[in-house]
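Read the structure below first, then the notes.
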Amino acid sequence: MKLNLSRPLVFFDLETTGLNVGKDHIVEISLIKVMPDGSEIERTQRIRPVNLVQGPDGNVQEIEVHIPEECSAIHGIYDEDVYDKPTFPELADDLLAFIGDADLAGFNSNKFDVPLLLEEFLRCGKELNMLNRQLIDVQNIFHKMEPRNLIAAYKFYCNKDLNNAHSANADTRATYEVFKAQLERYADTEYTDPRTRKVFKPIQNDVKALSAFTRENRNVDMAGHIVWNAQDQAVFNFGKHKNVPVKEVFMKEPAYYDWMMKADFPLYTKAKITELYNDVRLERKFNRTLFD
């Protein structure tokens, strides 16, 4: 099936040093850029993971990051496999150019791959602009329509065995094939929204519609620590202030902002809470001016 695209759609998958978006790094990225005319551009790159640390002389130094053995046992990539590969900061501009204004798709990508990719860009002072960029999570289509993992999805939809699971390229190709099979299988299938009980046909050959269907929450930050509630208020989605508006917490407990900035949250999350915190500061300043 030829995808109905108004702009490119990039399927991608990451192999990493772990599952912590705020701390871990990409060791391999594979991308398939599907163009509106149906042509494809494929790219796979291994990456040497490093931390960027400012030295006492003010210069930024690269500190090598070890790939934990338990992660290597899963994806088969060890320190010696990437010792001569470029670092993410060295690849960042090239990756930004490759992705361009494309929409993004992956398997469990909304919860992990997209947040970690954004984090890697921010660590080296770059930004992948997410404004008006559609995100399709193929796993969410699978879980909502046929509640199972990528290996099972590949067998179920494509009747093929995924022999090289946890190879970024094999997983990316399988995700792309599963997605196309899902479009054909569910083209006329009705779905009942468990919250609204609305019955509709969500699987359309339309990137914007699929992005909306595969979105679990209306996230303020990509990691989902802050989400929009039904009243379009940014609320915390974790901890003691879960479901409480962020601005309300910062008004009453400004030290909570300081704690979050020092804690192990992704840089993108910290950028978003800083925007909200600055709104609170401006509101306080306006109120003081108004009543002085």
When both residues are 6+ apart or on different chains and their Cβ atoms are under 7 Å apart, which pairs have a first residue that lies in segment 61-82 and is assigned by TED's automatic domain parsing to the domain that holds Ser167, and a second that is small (Gly, Ala, Ser) and assigned to a loop (DSSP other than H, G, I, E, B)?
Gln61/Gly55; Pro68/Gly18; Cys71/Gly18
Any idea which of (1) surrounded by 12 or more Cβ atoms within 10 Å (Cβ to Cβ); (2) in a helix (DSSP H, G or I); (3) among the charged types (D, E, K, R) is the one Lys240 doesn't satisfy?
(1)
Taking the conditions exactly as written (closer than 30 Å to Cys124 by Cα and loosely packed, with under 13 Cβ neighbours inside 10 Å), does Asp232 satisfy them or not?
no
Restricting to segment 149-169, count the residues that are at negative phi and more than 19 Å from the chain's Cα centre (by Cα).
14
Restricting attention to segment 4-46, the residues that are over 21 Å from Ala92 (Cα atoms) and either under 15 Å from the mean Cα position of the chain (by Cα) or crowded, with 17+ Cβ neighbours inside 10 Å (or both) number exactly 1
Does Glu248 count as touching a residue at least 40 places away in the same chain (Cβ under 8 Å), surrounded by fewer than 18 Cβ atoms within 10 Å (Cβ to Cβ) and not basic (Lys, Arg)?
no
Which condition does Glu275 not pass, out of (1) under 22 Å from Gly106 (Cα atoms); (2) free of Cβ contacts under 8 Å to residues at least 24 places away in the same chain, if it passes all the others?
(1)
Which residue out of Leu104, Leu91, Leu52 is surrounded by 14 or more Cβ atoms within 10 Å (Cβ to Cβ) and at pLDDT below 95?
Leu52
Scan segment 42-59 and give yes if some residue there is farther than 30 Å from Lys262 by Cα and acidic (Asp, Glu), otherwise no.
yes
If Ser211 passes every condition in (1) in contact (Cβ under 8 Å) with a residue 12 or more places away in the chain; (2) surrounded by fewer than 16 Cβ atoms within 10 Å (Cβ to Cβ); (3) in contact with an Asp or Glu (Cβ under 9 Å, 6 or more places away or on another chain) but one, which one does it miss?
(2)
Which numbered condition in (1) at pLDDT 95 or above; (2) more than 30 Å from Val207 (Cβ to Cβ) is the only one that Asp24 fails?
(2)
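The values are calculated or read from the model by the stated rules, or taken from the named source; none is laboratory data. This is a predicted model, so every value here is computed, not measured. Backbone-built Cβ (ideal geometry, glycine too); neighbour counts: all protein chains shown.
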